[in-house]
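The block underneath contains the structure these notes are about, expressed in structure tokens.
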Amino acid sequence: MLEIKDLHAEVGGKEILKGINLTINPGEIHAIMGPNGAGKSTLSYVLSGRDGYEVTGGSVTYKGQDLLDMDPDERACSGIFLAFQYPVEIPGVASATFLKTALNAQRKFRGEEELDAMEFLKLVREKSKELDIKDDMLKRAVNVGFSGGEKKRNEVLQMSLLEPDLMLLDETDSGLDIDALKVAADGVNRLRSPERSALVITHYQRLLDYIVPDFVHVLADGKIVKSGDKSLALELEEKGYTDISAA
Amino acid sequence: MKTLSPLAQKYIDRFDSALETLPGAGDRNISTLRKSGLEKFSKLDFPNKRIEEWRFTNLASLTKGPANEDQPSTPALKHDAFKADYEVVFENGVFSKEKSRLEKLPEGVRLTSLAEELGGGAVFSLDEDDNRALIALNTAYMQDGLCLHVSENVEVPGVLAIRFVTNSSEPQNIHIRNRITLDGGAKLTLLEEHEGNGHYFVNPVTMIHLSDGAELKHYKHQNESLAAYHIALTDCEVAANASYKNFTLTHGARLSRNEMKTSILGADALSKLDGAYLLDGNQHCDTTSLTEHKVSQNVSEQVYKGVLAGKSHGVFQGKIHIFPDAQQVSGDQLSKALLLSDEAQVDCKPELEIYADDVKCSHGATSGELDEDALFYLQARGIPTDQAKKMLVAAFLGDVLEEIENDSVRQYFEVLSASWLERV
């Protein structure tokens, strides 16, 4: 599904990613762990196509296509979803309008018929209910005045509506209490399927108790320094990043 | 003697012959009034950038010679007309009885045209004005306009639309003078619309007087030809318990200016001036307001938002003047501009002049670009860049359009803004 080869990237002239290699097959969940400043968020932004993150070397192939050649909206329409570490507040745009526009943009891209207001409402109510999100949130402006937990839950709601093939979760656990974390993880787990993959970026092992990965990678100083199964996460928790990176 | 601008000289040169054809010709009082206007104008000339109030708006392209023929002369925006309950139509500045629909107007509303009034010898005690050249010129050359009087406690249901439609194959100058008077407790909702084709200069001057407890909602939609000059001056007097609520939507004209002077003359009076301007190409729009709080206990509010694309230029100058002893007054003012291109420009000059000590005033002015984070967030959900930008611009305009109390006018302005956005 996703093949990253020797990926180098700069932000503001500073090299952050220094040769990443990673292959994610359909149905797999990979976790990337690492200390602050290792390049975890940079990787998620490079994959989602944010401006200002310049790829200086290597390649990324997604479903056989050159991912780096695609615009952010094209990537999203092709099934890549980035759950933001800090979801953006957008005053003046109602959540419902935003969700409907996004969903229909993706459906249009795939040549599917757009949903009308009634169909959309039915779908969004169903998904909100699963995630314990109140209807009134849909009337409010996107993320405006939402608590940290509400924002993250809103990310998961968007994800369950858009049903991506590749989920990129950028520190989805940060700022969440344990209940909110469970709801978020639950939302992700519900989407797990043999065709759907995920890249879970996190600083702490905690999230991985709920979203159990198939592979764990340690990112330090712009490179993957160690890979293993879920036991690596526990080892990291115990020994800290310094030991692992040095090893 | 100083040299006048070519256009000013032209006005002076053809004044004597114009006097014979303008309404009220042959009436000595009216001639005297016009002459005094011309005299004043000839001393002042058109305003230039050396005058503080005109620092950011240069009329040279208008006054220095023939209109720039390179400008597209298409109307700014095609749209479905607003369905008003009553309609007054002026074609090329002249009242059209055939096109107007006034039969449903309730009793207690007197609506005539200025030409009719002047022709009948009625001399208005037109408010003489302090050195405002464009009012003096208007007095000299006024040809027609709306004279509207609503009697005490008459509440006019629905919306009265006044449409100024200009279609000119030849460059022309149109001087409109409106006079709107609401007696105590009268209520009216007005939609003033300007649109046209071709090269022309239109100079509408509107005098509004609101007596105790009167309420005027005054909406203005300016959709002049993109080759036109639109320089409007609106003066409004607001007595105790009265309210004046103005919202101006501007997206037409090569160069436009809305100059508003509101005098608050009583307690519990309200002046609320809001607006949105949407500019593209090399359009220029200037909003200049002077709000005078002359007595205690009243309120003024202003919110203006601009969206500027291309090489357009926006100007906002707002002055709140609180007179001595005008205590317990509140005056708030906010101007926000969204720049969609690197070449667009906005100049803001908020001013507070306060001579009382128990007042609450605020002003704010911001200008900025689209929020990159928000834009990326929308794109990352699959929304194409263009559509994402439009969503953000619509969101920026949303809250100022919310200030429009009349539902049908608000919806109309929302649709107009959306169609403008589709075109940019």
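The values are calculated or read from the model by the stated rules, or taken from the named source; none is laboratory data. Everything quoted here is computed from the prediction, not taken from an experiment. For neighbour counting, all protein chains shown are included, and Cβ atoms are generated from backbone atoms with ideal geometry for every residue, glycine included. Heads up: the accessible areas ignore ligands, DNA and RNA and are worked out on the full protein's heavy atoms, side chains in. Shrake-Rupley method; radii C 1.70, N 1.55, O 1.52, S 1.80 Å.
Points worth noting:
- Tally, over the stretch A:119-151, of residues that are hydrophobic (A, V, I, L, M, F, W, C) and over 22 Å from A:ASP177 (Cα atoms): 6
- Qualifying residue in the stretch B:295-304 (condition: under 26 Å from A:VAL142 (Cβ atoms) and within 21 Å of the chain's Cα centre (by Cα)): yes
- Just one of the listed residues (B:GLY108, B:GLY196, B:GLY213, B:GLY120) is free of Cβ contacts under 8 Å to residues at least 24 places away in the same chain and out of contact with any helix residue (DSSP H, G or I) (no Cβ under 9 Å at 6 or more places or on another chain), and it is B:GLY120.
- Of the strands (runs of 3 or more DSSP E) lying entirely inside the stretch A:185-247, those carrying at least 2 residues that are touching an Asp or Glu at 6+ places or on another chain (Cβ under 9 Å) and hydrophobic (A, V, I, L, M, F, W, C) are A:197-202, A:215-220.
- Within the stretch B:377-391, the set of residues being surrounded by 21 or more Cβ atoms within 10 Å (Cβ to Cβ), in a helix (DSSP H, G or I) and either within 7 Å of chain A (Cβ to nearest Cβ) or under 27 Å from the mean Cα position of the chain (by Cα) (or both) comprises B:TYR377, B:GLN379, B:MET391.
- Only residues that are modelled with pLDDT under 90 and crowded, with 19+ Cβ neighbours inside 10 Å were counted across the stretch A:221-243, and they come to 3.
A quick yes/no check of all residues on (1) more than 20 Å from A:PRO213 (Cα to Cα); (2) within 14 Å of chain B (Cβ to nearest Cβ); (3) touching a residue at least 12 places away in the same chain (Cβ under 8 Å); (4) crowded, with 16+ Cβ neighbours inside 10 Å:
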position	(1), (2), (3), (4)
A:ILE24	no, no, yes, yes
A:ILE29	no, no, yes, yes
A:MET33	no, no, yes, yes
A:LYS40	no, no, yes, yes
A:VAL60	yes, no, yes, yes
A:MET70	yes, yes, yes, yes
A:ASP73	yes, yes, yes, yes
A:ILE80	no, yes, yes, yes
A:PRO87	yes, yes, yes, yes
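- Of everything listed in (1) within 30 Å of B:LYS40 (Cα to Cα); (2) in contact with a helix residue (DSSP H, G or I) (Cβ under 7 Å, 6 or more places away or on another chain); (3) touching a residue at least 60 places away in the same chain (Cβ under 8 Å), the single unmet condition for B:LEU134 is (2).
- Residue within the stretch B:332-345 that is away from chain A (no Cβ under 14 Å) and in contact (Cβ under 8 Å) with a residue 60 or more places away in the chain present: yes
- Any chance A:LEU168 is touching a helix residue (DSSP H, G or I) at 6+ places or on another chain (Cβ under 6 Å) and assigned to a strand (DSSP E or B): yes
- Just one of the numbered conditions (1) open to solvent by less than 30 Å² (accessible area, probe 1.4 Å); (2) under 18 Å from the mean Cα position of the chain (by Cα); (3) of a type in the set (A, V, I, L, M, F, W, C) is not true of B:ALA344: (2).
- Test: residue in the stretch A:90-106 that is within 30 Å of A:GLY222 (Cα to Cα), within 8 Å of chain B (Cβ to nearest Cβ) and open to solvent by less than 50 Å² (accessible area, probe 1.4 Å): no
- Taking the stretch A:155-210 as the range and being buried (at least 22 other Cβ atoms within 10 Å of the Cβ), away from every other protein chain (no Cβ under 14 Å) and not hydrophobic (A, V, I, L, M, F, W, C) as the test, the residues that pass are A:THR172, A:ASP173, A:GLY187, A:SER197, A:THR202.
- The listed residue being at pLDDT below 70, under 22 Å from B:THR166 (Cβ atoms) and surrounded by fewer than 19 Cβ atoms within 10 Å (Cβ to Cβ), out of B:GLU91, B:GLU128, B:GLU69: B:GLU69
- Looking only at the stretch B:290-315, and only at residues there that are small (Gly, Ala, Ser) and surrounded by fewer than 24 Cβ atoms within 10 Å (Cβ to Cβ), the one that is farthest from B:LYS272 (Cα to Cα): B:GLY310
- Residue list for the stretch B:398-414, restricted to those being more than 8 Å from chain A (Cβ to nearest Cβ) and in a helix (DSSP H, G or I): B:VAL400, B:LEU401, B:ASP407, B:SER408, B:VAL409, B:ARG410, B:GLN411, B:TYR412, B:PHE413, B:GLU414
- Inter-residue pairs, beta-carbon under 9 Å, first open to solvent by 100 Å² or more (accessible area, probe 1.4 Å) and in the stretch A:116-134, second assigned to a helix (DSSP H, G or I) and of a type in the set (Lys, Arg), 6+ apart: A:ASP132/A:ARG153
- Per this entry, A:ASP214 is counted among residues that are charged (D, E, K, R) and surrounded by 15 or more Cβ atoms within 10 Å (Cβ to Cβ).
- Residue within the stretch A:44-56 that is within 14 Å of another protein chain (Cβ to nearest Cβ) and of a type in the set (A, V, I, L, M, F, W, C) present: yes
- Just so you know, in the stretch B:362-372 the residues that are away from every other protein chain (no Cβ under 14 Å) and surrounded by fewer than 16 Cβ atoms within 10 Å (Cβ to Cβ) include one that is farthest from B:TYR304 (Cα to Cα), and it is B:SER362.
- Extreme residue, nearest to A:GLU3 (Cα to Cα), among residues of the stretch A:42-58 that are buried (at least 21 other Cβ atoms within 10 Å of the Cβ) and not β-branched (Val, Ile, Thr): A:LEU47
- Test: B:SER330 is among the small types (Gly, Ala, Ser), under 22 Å from B:TYR244 (Cα atoms), out of contact with any Gly (no Cβ under 9 Å at 6 or more places or on another chain) and open to solvent by 10 Å² or more (accessible area, probe 1.4 Å): yes
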